[in-house]
1. Once phi is turned into ³J(HN,Hα) by the Karplus curve 6.51 cos²θ - 1.76 cosθ + 1.60 with θ = phi - 60°, what whole-Hz value does each residue of region 192-201 show in order, with x for glycine and proline?
2. Count the net charge of all other residues whose Cβ sits under 14 Å from the Cβ of residue 109, scoring Lys and Arg as +1 and Asp and Glu as -1.
3. Which residues' amide hydrogens lie under 5 Å from the amide hydrogen of residue 125, considering only partners 5 or more residues apart or on another chain, with H built in the peptide plane?
4. Rounded, prolate or oblate: which one fits region 188-244, using the alpha carbon gyration tensor with axes a ≥ b ≥ c (rounded when a/c is under 1.5, else prolate when a/b beats b/c, else oblate)?
5. With +1 on each Lys and Arg Cβ and -1 on each Asp and Glu Cβ, how big is the dipole of region 75-226 about its Cα centre, in debye rounded to the nearest 20?
6. With a sphere of radius 15 Å drawn around the Cβ of residue 136, what net charge do the other residues whose Cβ falls strictly inside it have (Lys, Arg +1; Asp, Glu -1)?
7. Please state, as a whole number in µm²/s, the translational diffusion coefficient that the Stokes-Einstein equation yields for region 160-211 at 37 °C and 0.692 mPa s, with Rh defined as the Kirkwood radius across alpha carbon pairs.
8. Hey, how many Å between the Cα centroid of region 109-150 and the Cα centroid of region 168-233?
Amino acid sequence: MRSALALVFLLLLSGCAVRPPATLRIDAPPGSPLARLVARSGFVAVSTYAPGDRREGRRRAAVAGGSGTLIGDHGLVATAAHIAVGPTYRLRVTRPGEGSFEGRVLALLPEKDLAILCVPGLVGHAGARLRLSDPLPGSPVLAFGSPGRTRIAAAAGRVRGGRLSGSIHYGRFVLEAPLELELSIEPGFSGGPVLDTDGEVVGILASFAVDLEAEGGPANLGLAFAVPGETLAAGMPAEAETACAAKSAPSSLL
């Protein structure tokens, strides 16, 4: 049996390039079943910038980035707390075919690796439906992410055994009793939606497992971990549905 130290839970933040996505392409024709499913999933890309005055007249580099999930039609985006970083950081949310919008952190829960963002420009835009009950072990799932920050990728898998017993700790972030998934993903999926066969979001991705003692170098074990839908719903602040009532136009943070 390999040492427990050989299993490292990696933040999918490692895809957080220094540049925001100029465009987000879907490797599927417009109107195709996959393209419609991406839209139904509420998928967005998220870029995070350090606090500061945007009028400094220079191009800013993203300090973190990954994916997110638009929930409902109130302009609320769920992502991993390690993507949002902190309440004072500035955020740019890009939705395929709809442009980029400025967002802010509405709730940051590092003990659950969960952040809720307010994106006024997405108020009234249809997002995903959230499933509050856990899917059964063995149930098929489909996840979306943005590896390389330029394309939208899909990964199919299944629920391994329900929720993982205990918590995963990485720095100041904690992933409590996550959904354990047989899902092979790569950096850039963090915060992205995990869908069941009804097209409902059962959770958002946060981390995955790597074996450091594998022959030939670190090997992805095909195990991913997600914040469950029930935990996500409980993390919504009381004023969430009215916090982003005013619409705003697409805006660049650079």
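1. x, x, 10, 10, 8, 6, 8, x, 8, 7
2. Working: positive: 112, 172; negative: 111, 113, 176, 230.
Once all neighbours under 14 Å are counted, the net charge is -2.
3. Here the answer is 75, since their amide H atoms fall under 5 Å of that of residue 125.
4. Values: a/c = 3.64, a/b = 2.46, b/c = 1.48.
Since a/c reaches 1.5 and a/b is larger than b/c, the shape of region 188-244 is classed as prolate.
5. Working: 13 positive and 15 negative charges, 120 e Å.
Dipole size: approximately 580 debye.
6. Values: positive: 131, 158, 160, 163; negative: 134, 180, 182, 196, 198, 200, 230.
Surrounding charge for residue 136 is -3.
7. Numbers: Rh = 12.1 Å.
Approximately 272 µm²/s, per Stokes-Einstein.
8. 12
Here, each number is a calculation from the coordinates, and none is a lab measurement. Since the model is a prediction, treat every value here as computed from it, not as a measurement. For neighbour counting, all protein chains shown are included, and Cβ atoms are generated from backbone atoms with ideal geometry for every residue, glycine included.
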